[in-house]
Amino acid sequence: MGAMTTLRTWHWQLARRLDYHVGEAIRFRWFLRLVVPLITPETKTVLDAGCGTGKHAFYLARAFPHLQVTGLDNRPDVVARAEAEARRSRLDNLHFVEGDLTASLPPDAYDLIYSIDVLEHIEEDEKALAHMAQALRPGGWLAVHTPLTPQVHWFRRFDLDHLKNPLHAREGYRRGELEAKMQRAGLRVERTVYTHGRWGTLAWELWKWSRYRVGRTLLLLPLIRLLVAVEARQRLRDGNCAFVIARRPPVVE
């Protein structure tokens, strides 16, 4: 019995070590491609709106020491862990705070705000968008990544009528819906870039099918990584998710 328990524990630890979170990998590649280029020497303050563990915020704080980066999340335990890690890493330009996007944010405080896979969790999404728009300085940028609907999947088991997320207020936005809500918040939409296209979606589905199964993972991981790399090098005409880039209009003198 002890040997069986040890084997199961070893198997689980190996499965976790091998786990390659495809959704995070795709989002981070598009973040590097679309959000990071918005940063200039004049960019001083950045808000990661719904930061989670803070992967993107940590990257920016290390890559751009001139930035003051704030990560905001509504889960106190997540915020406490991220803040402790920032202090251990001696990143004086990075801080994490507890907050709610449907509550007020400091006005005219940020040159760049990005929010990655957060709005689909918020029932009052237009209130959150309005608060983020008001928190931007004139000329500041807002970048939002979110799922879209309807979606196209390779395997029926991953269609949204089969695979729903109970934590979502909505499964996604219709094409053009998020852009319209941003415009109503007073923002000027500059571009929409689709993500999770054909090959990225296949990578995600293969990952979901093989996740925490060591044999499947060892067999499929090289293909999954290749598909993720291909995804981030394409210009997609459509996809199951999108990055919408908008700007608060600058003051005209």
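The values are calculated or read from the model by the stated rules, or taken from the named source; none is laboratory data. Small disclaimer: the values here were computed from a predicted structure and weren't measured. Methodologically, a virtual Cβ is constructed for each residue, glycine included, from the backbone with ideal geometry; neighbour enumeration extends over all protein chains shown.
Of everything in the range 176-229 that's touching a Lys or Arg at 6+ places or on another chain (Cβ under 6 Å) and assigned to a strand (DSSP E or B), which residue is surrounded by the most Cβ atoms within 10 Å (Cβ to Cβ)?
Only one residue tops the list, namely Glu190.
Name the residue, out of Thr53, Thr6, that is at pLDDT below 65 and either within 16 Å of the chain's Cα centre (by Cα) or within 19 Å of Tyr212 (Cα to Cα) (or both).
Just a single option satisfies the conditions, and that option is Thr6.
Being of a type outside the set (Ser, Thr, Tyr) and over 14 Å from the mean Cα position of the chain (by Cα) is the filter here; which residues of the range 61-73 pass it?
Ala61, Arg62, Ala63, Phe64, Pro65, His66, Leu67, Gln68, Val69 - these are the residues of the range 61-73 that are of a type outside the set (Ser, Thr, Tyr) and over 14 Å from the mean Cα position of the chain (by Cα).
Sort out which residues of the range 164-223 are of a type in the set (Gly, Ala, Ser) and in contact with a strand residue (DSSP E or B) (Cβ under 7 Å, 6 or more places away or on another chain), and write them in order of number. Steps first, please.
Start the filter on the range 164-223 by keeping residues that are of a type in the set (Gly, Ala, Ser), which leaves 169, 172, 176, 180, 185-186, 197, 200, 203, 210, 215.
Scanning the range 164-223 gives a single hit, Gly172.
Looking at the range 74-85, can you tell me whether even one residue there is in contact with a helix residue (DSSP H, G or I) (Cβ under 6 Å, 6 or more places away or on another chain) and either touching a residue at least 40 places away in the same chain (Cβ under 8 Å) or more than 26 Å from Glu42 (Cβ to Cβ) (or both)?
No.
Being surrounded by fewer than 17 Cβ atoms within 10 Å (Cβ to Cβ), of a type outside the set (A, V, I, L, M) and either within 25 Å of Arg156 (Cβ to Cβ) or within 18 Å of the chain's Cα centre (by Cα) (or both): is that true of Gln234 here? Break it down stepwise before answering.
Numbers: surrounded by fewer than 17 Cβ atoms within 10 Å (Cβ to Cβ): yes; of a type outside the set (A, V, I, L, M): yes; either within 25 Å of Arg156 (Cβ to Cβ) or within 18 Å of the chain's Cα centre (by Cα) (or both): yes.
So Gln234 fits the description; yes.
Does the range 123-139 include one or more residues that are under 14 Å from the mean Cα position of the chain (by Cα) and of a type in the set (S, T, N, Q)?
Checked the range 123-139: no residue is under 14 Å from the mean Cα position of the chain (by Cα) and of a type in the set (S, T, N, Q).
Take the residues of the range 79-104 that are in contact with a Cys (Cβ under 9 Å, 6 or more places away or on another chain) and either among the aliphatic types (A, V, I, L, M) or assigned to a helix (DSSP H, G or I) (or both): which is surrounded by the fewest Cβ atoms within 10 Å (Cβ to Cβ)?
Val79
Of all residues in the range 48-107, how many are among the polar types (S, T, N, Q) and within 23 Å of Leu119 (Cβ to Cβ)? Outline the logic, then answer.
Pass one, the range 48-107, residues among the polar types (S, T, N, Q): 53, 68, 70, 74, 89, 93, 102, 104.
The next check asks that each one be within 23 Å of Leu119 (Cβ to Cβ); those that pass are 53, 70, 74, 102, 104.
Number satisfying all stated conditions: 5.
Residues of the range 151-175 being surrounded by 18 or more Cβ atoms within 10 Å (Cβ to Cβ) and either modelled with pLDDT of 95 or more or assigned to a strand (DSSP E or B) (or both), which ones?
Once the filter is applied, which keeps residues that are surrounded by 18 or more Cβ atoms within 10 Å (Cβ to Cβ) and either modelled with pLDDT of 95 or more or assigned to a strand (DSSP E or B) (or both), the range 151-175 yields only Tyr173.
Go through (1) assigned to a helix (DSSP H, G or I); (2) under 16 Å from Gly54 (Cβ atoms) and name the single condition Glu126 misses.
Failing condition for Glu126: (2).
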